[in-house]
Amino acid sequence: MRLSFAFSSLLLCSPLNSVFAQSTDSIKKIPIANTVRSQKIDVKHQAIDIRFDWKKKQIFGTTFITLSTLTVTDKITLDAGMLTIHSISLSGGIVLPFTYDGIDKNENLQIALNRIYQPTEELTIKIDYHTNWVNESDPNNIGGSFGKGIRFFEPTSTTPLKRKQIWSSGEPESNRYWFPCHDLLSDLRTTEFTATVEKPLMVISNGELIQTIENNNGTRTFHYKTTIPYPNYLTSFVVGEYVEIIQKYKDLTLHSFGYPDEKAAIEATIIRLPDMVNFFSETTGMKFPFSSYSQVVVQDYPFPGLIGQHMAATISDNMIDDYRTHADFFYLWDGVESQAIASQWFGNLLTPKEWKDSWLNQSFSHYFDGLYADYKNGHDEFLSYYLSFDQSTMLNDWNSGYRHPIVTENYKDLTLFTSDNYSKIRGSLVLRMLRKELGEKNWWKAIKLYIKSNAFKQVTTTDFKKAVEQSSGKSMEWFFEQWLYKMGHPVFEVTKNYNQVKKQFWLKVKQLQKVDSTDEYPQVEYFKGKIEIEIDGLNKVVWLEPKAENVFTFTLSHQPKLVHFDYENTWIKEIKFEKTLDELLYQLQFDKDILGKYSAIDGIVKIANNEKTSLSDKTTIHSVFRKIILSSSYWRLRNYALSKLVSMLPTKLDKPSINMLLSLIKNDKPWVKVSALFFLGNTEDPRFADIYINALTDTSDRVINAAANALGKTKSPKAFDALIKLADKPSWKSQSLISTLNGLKELGDPRGVDFALKALANVKSPRWWLGVSVWDYPIAAAETLVRLGKADLAYPMILERFKTSVNENDINDIFSNIILLTTLADPRGQEVFDLLKNRFKEDENAMIAVNQYEQQFKKSIKKN
């Protein structure tokens with residue numbers, strides 16, 4: 001389960017009667033424990049030399065494996081995935097017999113040695129082979145997927161701007177698909193990697209580039225070498241045409257590789273990279289652990305991607321933006337870059353000994369990425385974006401029924417287990433709770449001790465616990481048991497009361513969660529730990545006992561106006577805490593914690609939407625919301641308040657709200673302008689056309705897109721010419737074209753048909769591959785034609801394009817055209833799905849995509 005970042009609500013409060021509900025299904029058995037394979041050999045060094053057959057999408061390679069046996073033996077076994085093994089010999093030329101089943105199970109390449117070897121002896125074997133497995137794109141994830149092994153790309157007839165490129169995907173046990181190896185997590189080795197490619201292609205891989213040899217036949221050979229042993233799955237490479245941008249941090253060289261025609265944008269995108277290295281060096285107490293670092297962008301790679309390979313990182317090329325686009329998305333793609341850097345400490349400097357401890361990679365990298373966002377973009381940004389997303393993601397997983405402890409040997413699918421939200425997000429949230437539990441001083445002592453004492457070693461969760469206990473001087477067994485080895489979270493019901501005579505205020509906290517008797521994973525009955533409570537601006541820390549009900553008593557001179565349970569939303573939890581309108585309005589205006597303000601907004605909206613709420617109270621609510629929206633509060637909070645205010649208003653905006661929106665459009669930050677333009681645009685009032693036209697000159701393309709949409713909705717006579725003119729405005733990845741099309745779609749002017757058809761016919765404009773009209777101009781063009789009632793004019797063009805992509809057998813192109821055909825919703829399109837069903841009838845995964853697109857297609861036809 002890979003993340004797709006989007007702004008989400010900050011507190012997910014499910015109805016209490018549905019939380020931890022007892023299932024009527026049969027018992028959910030714990031998956032069989034995945035015991036660690038016994039290590040029979042110790043690989044010291046592996047040298048891989050490869051060449052490429054682009055037409056057949058194959059690698060022809062030779063690998064030299066230097067190893068020693070761990071027992072007295074005359075045979076060894078390796079892992080190979082769908083390879084053809086041509087020959088195996090000792091480095092001296094002695095041919096070794098072998099047996100291989102040709103599939104991809106563990107230890108399936110069995111090699112007979114020439115004699116009995118002792119554990120003290122080293123030997124080097126040479127294996128000549130070629131690959132057979134092709135790592136095709138996943139049609140269910142057309143925006144990017146990992147797969148296993150090697151993915152090839154070349155320009156096609158329907159996508160001539162596609163880059164000629166290859167990249168590898170090895171995590172957790174997929175490198176065996178492109179070289180025979182000992183794919184055991186605990187077996188660390190150094191590597192050499194040599195690859196020969198035609199000019200002007202480059203090769204980027206792990207370690208230091210030792211040499212580049214310019215060959216006489218129009219090719220060149222790249223030779224990389226590592227000196228620090230690391231796990232097999234971190235070996236990676238990328239082939240493509242790149243320009244290299246070099247940055248320095250002290251004596252460390254940072255290499256960033258992007259496309260030659262995007263050099264200025266690469267420089268804009270990576271501007272914070274040295275600062276990230278500095279931040280992590282200081283916070284971990286350990287300087288960057290390797291001699292160099294390389295990051296390279298590639299096509300068809302998921303967001304946010306893997307956490308980084310050894311001394312390197314592979315990242316989606318969607319990360320690259322020009323300066324003004326990247327300025328709107330510092331919160332997004334910088335997180336991918338900083339997480340990849342953080343993984344050089346957590347995943348490379350420290351590597352897990354077993355896959356059950358993969359959270360030590362994923363969660364620590366994600367946690368430290370969040371720390372960098374906090375440091376660089378502000379604490380309110382961290383709380384309202386990073387933390388809120390993480391909290392709601394985990395509660396969504398839980399309430400959808402996807403549940404397991406963070407640390408467990410009992411999992412069905414290794415790839416899913418090592419990449420899901422438990423391994424990455426829940427573990428990060430647990431680290432944040434642990435920090436609050438220990439206190440700042442002990443937390444940072446523990447982190448630095450953990451890193452220093454385990455540097456360049458393999459680690460377990462127990463190793464981290466030891467560092468925590470040694471630094472804090474107290475046992476934390478209960479914490480690790482509660483949050484890592486068991487599953488669940490508390491469901492709190494909080495009530496309060498104040499005794500005026502005794503000057504005592506108490507909070508009653510009930511834990512309502514129930515153990516799910518149908519699930520065999522270990523669960524927590526009642527939770528314990530420190531919780532921070534804000535009372536009228538003062539924070540108090542209480543200890544929650546592991547029982548059904550806790551009562552906390554405070555001596556106060558007066559009844560508090562503001563009570564915020566779990567300050568800054570530290571706990572993974574669900575909560576019900578009823579408050580009056582006056583209390584919520586006060587909290588919205590005066591809570592120190594921005595998350596408390598968000599919570600107050602949600603509570604106020606609930607009251608405002610109650611038919612029993614008086615007109616006077618609703619007027620007060622609207623007034624307070626406008627005050628917050630126009631204040632100096634953080635922009636995300638103001639944006640949230642704006643969206644909620646509009647939802648509470650009658651269908652027609654009142655004059656104070658219109659004036660507020662006009663002020664925001666004129667004076668505010670880009671994302672607030674975007675929201676204001678959206679809501680004002682929904683009035684469809686042509687009086688505001690000039691305001692929208694003026695906004696088309698904004699420096700932010702997000703603002704321009706919102707203005708174009710709003711302008712189209714006015715149906716103003718001025719709109720068409722202004723939108724057509726906008727298409728010529730220089731922008732990154734055809735954003736001006738997208739905005740024009742989005743505006744024309746709303747305008748409904750029949751003159752837009754020819755423009756949309758020309759845009760759809762154009763396959764040579766730069767674009768993202770994100771599958772939505774706000775980011776991808778062909779989809780925007782198709783939607784415009786649908787709205788204008790002329791989709792039938794585009795159908796023959798896209799059908800022909802689809803047939804060409806089928807003949808060229810490019811999965812990305814096939815299903816990108818399916819998205820367009822589904823969008824056009826021409827009834828003739830059914831022939832396409834009949835063809836696909838026949839073509840992919842033996843491919844279960846592809847058939848899932850085909851059936852889903854067909855259902856969407858049929859719904860679109862009915863809708864149109």
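Things to note:
- Area of K669 that stays accessible when all protein chains are in place (1.4 Å probe, Å², to 10): 110 Å²
- The Kirkwood radius of the chain, taken over pairs of alpha-carbon atoms, gives through the Stokes-Einstein law at 10 °C and 1.306 mPa s a diffusion coefficient of 53 µm² s⁻¹.
- Computed about the Cα centre, the dipole magnitude for the chain is approximately 1800 debye when only Lys and Arg (+1) and Asp and Glu (-1) carry charge, each at its Cβ.
- In Å², nearest 10: area of D53 left accessible to a 1.4 Å probe: 40 Å²
- Whole-Å distance, taken between Cα centres, linking the range 837-864 and the range 413-469: 43 Å
- Extension gain (nm, one decimal) between I228 and H86, 0.36 nm per residue minus Cα-Cα: 48.1 nm
- For the range 311-367, the solvent-accessible area with a 1.4 angstrom probe is 16 square angstrom per residue.
- Ratio Rg/Rh [Cα only; Rh per Kirkwood] for the range 37-188: 1.04
- Theoretical FRET efficiency, 1/(1+(r/R0)^6), r = Cβ-Cβ of S292 and D536, R0 51 Å, to 0.05: 0.45
- Taking the accessible area of the range 731-816, probe 1.4 Å, and keeping the other protein chains in place, the carbon and sulfur fraction comes to 52%.
- Portion, in percent, of the accessible area of the range 635-692 that falls on carbon or sulfur, probe 1.4 Å: 55 percent
- For the range 590-703, accessible area per residue (1.4 Å probe, heavy atoms of protein chains only), Å²: 48 Å²
- Based on Cα contacts under 8 Å between residues 6+ apart, the chain shows a relative contact order of 10 percent.
- Total formal charge among the other residues, if their Cβ is under 11 angstrom from that of S663, Lys/Arg +1 and Asp/Glu -1: +2
- Annotation: peptides 106-113, 546-553, ranked by per-residue average of other Cβ atoms within 10 Å with the highest first, follow the order 106-113, 546-553.
- Segment K75..N141, full-extension length gain: 19.5 nm, with 0.36 nm per residue of separation and the alpha-carbon distance subtracted.
- In this rough spin-label picture, where each label sits 7 Å from Cα along the Cβ direction, the I210-K452 distance is 3.6 nm.
- F840 sits among other residues whose Cβ lies under 13 Å from its own Cβ, and their net charge, with Lys and Arg +1 and Asp and Glu -1, is -4.
- In summary, the range 601-685 shows an alpha-carbon radius of gyration equal to 1.04 times the 2.2 N^0.38 Å reference for compact globular proteins.
- Look at the alpha carbon pairs under 8 Å that are at least 6 residues apart: their mean separation over the length of the range 96-175 gives a relative contact order of 17 percent.
- Lys, Arg +1 and Asp, Glu -1 on Cβ, resulting dipole of the range 476-576 about Cα centre, debye, nearest 20: 640 debye
- Size of electric dipole in the range 550-616: Cβ of Lys, Arg +1 and of Asp, Glu -1, about Cα centre, debye, nearest 20: 80 debye
- Residues in the range 128-156 that a label on K164 would reach, taking backbone N under 15 Å of a point 7 Å out along Cα→Cβ: 152-156
- Environment charge of Y323, counting only residues whose C-beta is closer than 12 Å and scoring Lys/Arg +1, Asp/Glu -1: -4
- Ranked packing of 92-100, 719-727, most packed first, by mean Cβ within 10 Å: 719-727, 92-100
- Whole-angstrom gap from the range 703-727 to the range 66-101, using each part's C-alpha centre: 67 Å
- Going by accessible surface with a 1.4 Å probe and the largest first, R151, R751 read R751, R151.
- Extreme residue, positive dipole direction of the chain, given options F577, F479, F815 (C-beta unit charges): F577
- Stokes-Einstein diffusion coefficient of the range 69-155, Kirkwood radius over Cα pairs, 25 °C, 0.890 mPa s, in µm²/s: 161 µm²/s
- Chymotrypsin sites (Phe, Trp or Tyr not before Pro) restricted to the range 385-480 and DSSP loop, no more than 16 other C-beta within 10 Å: Y402, F456
- Relative contact order (%) - the range 302-454, alpha-carbon pairs under 8 angstrom, separation at least six: 22 percent
- Averaged per residue, the range 139-213 has 28 square angstrom of accessible surface, using a 1.4 angstrom probe with ligands and nucleic acids left out.
- Ligands, DNA and RNA aside, R220 has an accessible area near 50 Å² when probed at 1.4 Å.
- Only protein atoms count toward the accessible area here, which uses a 1.4 Å probe; on the range 91-204, the carbon and sulfur part of that area reaches 51 percent.
- Set K612/K745; K199/K457; K44/K452; K528/K644; K162/K263 screened for pairs whose C-alpha atoms are more than 29 Å apart: K612/K745; K199/K457; K528/K644
The values are calculated or read from the model by the stated rules, or taken from the named source; none is laboratory data. No experiment lies behind these values; they were computed from the predicted model shown. Reconstructed Cβ throughout: ideal geometry from the backbone, glycine too, with neighbour counts over all protein chains shown. In case anyone asks, the SASA skips ligands and DNA or RNA and just uses the protein heavy atoms, side chains included. Shrake-Rupley method; radii C 1.70, N 1.55, O 1.52, S 1.80 Å.
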